[in-house]
Structure formats: structure tokens, C-alpha cells
Amino acid sequence: MENKQQSNGMMKENNGVKKKVNWSGSLILASLTGAFGSSFLYGYNLSVVNAPAGYIKKFYNETWERRYGFSVDEGTLTLLWSITVSIFAIGGLVGAIIVTPIVKFFVRKCTLVLNNVFAVAAALLMSLSLLAGSFEMLILGRIIMGVDAGISLSALPMYLSEISPKEIRGSLGQVTAIFICIGVFTGQVLGLPEIFGQESRWPFLFGAIIVPSLIQVVILPFLPESPRYLLLEKHDRSKAEKAFQRFLGKDDVSHEIEEVLAESRVQRNTKLVSIVQLLRTRAVRWQIVTVVVTMGCYQLCGLNAIWYYTNNIFSESGINHETIPYVTLSTGAVETLAAVFSGLVIERLGRRPLLIGGFGLMIVFFAVLTVSLTLQSSVHWLPYLSIFCILAIIASFCIGPGGIPFVLTGEFFQQSQRPAAFMIAGTVNWLSNFAVGLLFPFIQKALIICRKKTKMSNSGFSWPEFPEMLFFKWPPYKAGIKIEGDAFKS
């Protein structure tokens, strides 16, 4: 009995130590700094084009008129604006494709630091486009900013998954999603008419991109590189031990070193695999399917269309024009709170319940939104129900589907497979993003015409129900999943 009490006391003591170790200052600083200069900028650039859309279109028209002597027609203007919005995803696709050789050559942390060159260059191009009278500079800046986002959205989850203890890997992985949400919200706040949402100030919205980049460049170089990378790929045990000690906040890291070395012995003769080699590996077939489906649905469920064209969507929903910027602000706030909630519960509930629950709730609220938008012209209070449904859809997305795809990609694959896996995930992510950004305005116009003729709604353009059947079996339910995705073998 006494031994049992002593054992329980030791377990409690160890648990207390574990909590202290898991959230060391270096670990928190690395995750926050890494995310602030990476996923934050991705989220910011999703929403930043929404508020000044009218002013930028006017700038396009004035530039066109000055060059060619006549105003641009509505169809061409819509196309130019769609390209401006969606070209960000093409840059992201380029970044996702080139991230593997960059990460291999510059390693994880240095990749994040050097990636800020793209962000600063993009910020200068976009913020100076009005002064130069060149809308091409804005479009080029969006492409370059996309390259930055494409690299960072692969390198950051890779870095976070390799520096975090497995007990909190899911929660720390959610930092990527949380900072995307904070970035979206920040873009909405700065886009208010009282700040930069004015005709003479909209270039400052793009110039602000420099601030997170500079903060990351100043802080991140003083933090350790991924200890798993140092041990598995550089074979530098001394530096790996020091990195583990800083990230875990303790001196004795022999257990962690042995864990990684055990993986190293399994993969001793394994080099970094290519995409083709990964696709041919039967052992990771379902991991690849799961990542592709989650990443595809991450974009195709329609959330980015809301960020790109929020004001237009609310205007079509019958919301008062003066109220729209503040209603839009509520979407970013709800998204951020939901993402934080997801980060707090992901290790308790597991990945699969959050994915199924999130997509399931989105189906319900999209259905209600479709009905409310169809009938709102005849019932005066239905626009408020439409707003509620949009906020509920955003919250449902951020609880699970919004961040888990990035966590899964880092967890499901071995060290040698991870860069190729992130390249596949990034390619699916950015191609889907491009399709949504480019096609949504044209689809919305077509649906508006159709709605006027047939009294139908123009909402519900999303496919959140598609992954439901897959997620009832995959990914594994348990929290604290091994980084190599061994749960698929059970």
C-alpha cells in the first residue's frame, strides 16, 4: 500500500515536471515567432484584399483609362481583380514545390528566416504600386507573397512537429492555424475605415507585412534548429542534445535522444524520398489519401472565398453597407477563438472527432444558410440568421478542419518522407486555393442571375461533406499520435 502511494506520488511529481518541460520558454518563443512571420502572414494576405477592394478596382480603372484612353469594361475588371486575388495561390504553389530542396539545403529554421526576403520584396511592390501607377506591381507582389506563404506553410509545421514533445505535438501544431486566424483578424481590423480602409491609405495595408517579417528575422536566429534534424540528418549529437535541452527545459534528454536514435536505426540506410517514391510506397497509401482529402477540403469547403470576398457576400445577403466592415470583423474574431479552443482540446479529443464534428456542423449550417438566403427577401429577420450561420460555419471550420491538416502532414510520415509529403499537401492546398479565388466571383455572378430567375439561393458552394466517410476510419482517433503515423498499421 505504501509503495502504491509512493508510486502515485512519483507519478504526480513526474506529471508536474512534464508540464514544465513541455512548455519551455524557448519552445513557446520558437512557435510564436515562427508562426508570426509565417502562418500569420498567410492569414493576413487572405483577408487584406477584402476591405480595399473597391479602392483597388478604382485604381485599376483609372490606370487603364490613363494608359488606353477609355475605362475598363466590367468583365475585364472582374477578371483583373480575380487574378489579383487568386494569383496569391499560384505563388503559393511555386513555394510548395520548391520547399523540399530549400529545406534540405538551408534546414528548417534558416528556411523560415530567409523566406522573409520574399515577404519584404512583396510588401514593397504592393505598397508602392499606387505611387508608381502600376497595378502590375500589386499583382507581382501578390505572386511573390504567395511564394513566401507556400514555403512557410510547409516549413513551419515541419519545424514545429520536430521541436515539440509528442504529448503536446497536436496542440503546438495548432499554433499554425491559430496564427492564420489572427492574421485574418488583423487584416480585417487594419482594413476598417478608421485605420487603413480609405482610398489614400490602402497601400499601408500591404506595407504592414514588413513588421512580422522583421520581428522573425530578429528573434528566430537565436533559437535552436530542429533537434531531430540535427540528429537524424546532420548526425550532430552534441547540438541535438543542446537543442532538446532548450526546447524541453531540462538537462537530462537522454530518453528523447534514444527515441530519435531508435528511429535513426530503422532508417539508417534511408535517404530523403522523392514524391514519386512516396506515392509508390504502399505503407503510406492511406496517410497520403487522408492528407490529400483534408487539404483539398480545407480549401474547397469555401472558407477562403469568405475571406477574399466577405464584403461582397454580406452585401448580397442584404446587410447594411455601413455595418459590413464590423460584421466582417466578427468573423475573424470567431475564427480566432475557435482555433484557440481547438488547440486546447485536440490532445484530449483526438484528430478524427474534431474533423468529423467540424465538417458535420458545416454541412448543417450551410444547409440552414441556403434556406435563409433564399427566403430573406420575404422575412425581415432572416439576414441576421444568415450572419449567424456564416459565423457558425467559420467556427465549425476552425474547430477541426482549419488546423488539423497541417498537424497530420507532420505526424503521418517518417523523417525521410516528410519533405515530399509536405510538397504533396502544399500542391493540393494551393491548387484548390487558386480555384476558389479565381472562380468564386464568376460563379457568384452566375448564381445571382440564376437566383433571380428561379428564386434559388447562391450559397452552399462547398463540399464539406465529402471527407466525412473517410474520417470515420481515418485518421486515428487517439491523441498523442506517433510522429511516424504508426497508428495506421493497427
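The values are calculated or read from the model by the stated rules, or taken from the named source; none is laboratory data. Being a predicted model, the structure only gives us computed values, none of them experimental. Neighbour counts run over all protein chains shown; Cβ positions are idealised from the backbone, glycine included.
Would you pick out the residues in the stretch 40-66 that are in contact with a Pro (Cβ under 7 Å, 6 or more places away or on another chain) and under 16 Å from Ser127 (Cα atoms)?
Looking only at the stretch 40-66, we keep the residues that are in contact with a Pro (Cβ under 7 Å, 6 or more places away or on another chain), and these are 40-41, 51.
Hits for the stretch 40-66 are Leu41, Ala51.
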I'd like to know if the stretch 172-182 contains one or more residues that are within 30 Å of Gly400 (Cα to Cα), in contact with a Phe, Trp or Tyr (Cβ under 6 Å, 6 or more places away or on another chain), aromatic (Phe, Trp, Tyr) and in contact (Cβ under 8 Å) with a residue 40 or more places away in the chain. yes
Please verify whether the stretch 229-238 includes one or more residues that are touching a residue at least 60 places away in the same chain (Cβ under 8 Å), in a helix (DSSP H, G or I) and either more than 30 Å from Glu258 (Cβ to Cβ) or not hydroxyl-bearing (Ser, Thr, Tyr) (or both). yes
I'd like to check which helices (runs of 4 or more DSSP H) are fully inside the stretch 115-174 and have at least 2 residues that are surrounded by 24 or more Cβ atoms within 10 Å (Cβ to Cβ). 116-127, 135-163
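Among the listed residues Leu112, Leu80, which satisfies the condition of being crowded, with 17+ Cβ neighbours inside 10 Å, over 20 Å from the mean Cα position of the chain (by Cα) and of a type in the set (A, V, I, L, M)?
Numbers: Leu112 fails: over 20 Å from the mean Cα position of the chain (by Cα).
After ruling out the rest, the residue left standing is Leu80.
Here are Val72, Val103: which of them is more than 16 Å from Lys234 (Cα to Cα) and either among the aliphatic types (A, V, I, L, M) or part of a helix (DSSP H, G or I) (or both)? Spell out the reasoning first.
Numbers: Val103 fails: more than 16 Å from Lys234 (Cα to Cα).
Just one listed residue meets the conditions, Val72.
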Can you spot a residue in the stretch 396-404 that is at pLDDT 85 or above and touching a Pro at 6+ places or on another chain (Cβ under 9 Å)? yes
With the structure loaded, tell me whether Phe365 is touching a residue at least 40 places away in the same chain (Cβ under 8 Å), in a helix (DSSP H, G or I) and surrounded by 18 or more Cβ atoms within 10 Å (Cβ to Cβ) or whether it fails that test. no
Pairs with Cβ under 8 Å, 6+ apart, first in the stretch 411-439 and assigned by TED's automatic domain parsing to the domain that holds Pro401, second in a helix (DSSP H, G or I) and among the acidic types (Asp, Glu): Gln414/Glu263; Gln415/Glu263
Could you look through the stretch 368-394, keep only residues that are buried (at least 22 other Cβ atoms within 10 Å of the Cβ) and β-branched (Val, Ile, Thr), and pick out the one that is farthest from Gln299 (Cα to Cα)? Ile390
Residue in the stretch 271-281 that is within 23 Å of Pro101 (Cα to Cα), more than 24 Å from the chain's Cα centre (by Cα), at pLDDT below 80 and in the same structural domain as Lys445 (by TED's automatic domain parsing) present: yes
Considering the stretch 239-268, residues that are of a type in the set (Gly, Ala, Ser) and part of a helix (DSSP H, G or I), and then whichever is farthest from Lys104 (Cα to Cα), we arrive at Ser254
Checking Phe206 against (1) within 16 Å of Gly54 (Cα to Cα); (2) more than 21 Å from the chain's Cα centre (by Cα), which test does it fail? (2)
Which listed residue, of Phe179, Phe196, Phe204, is closer than 19 Å to Ala119 by Cβ and not in a helix (DSSP H, G or I): Phe196
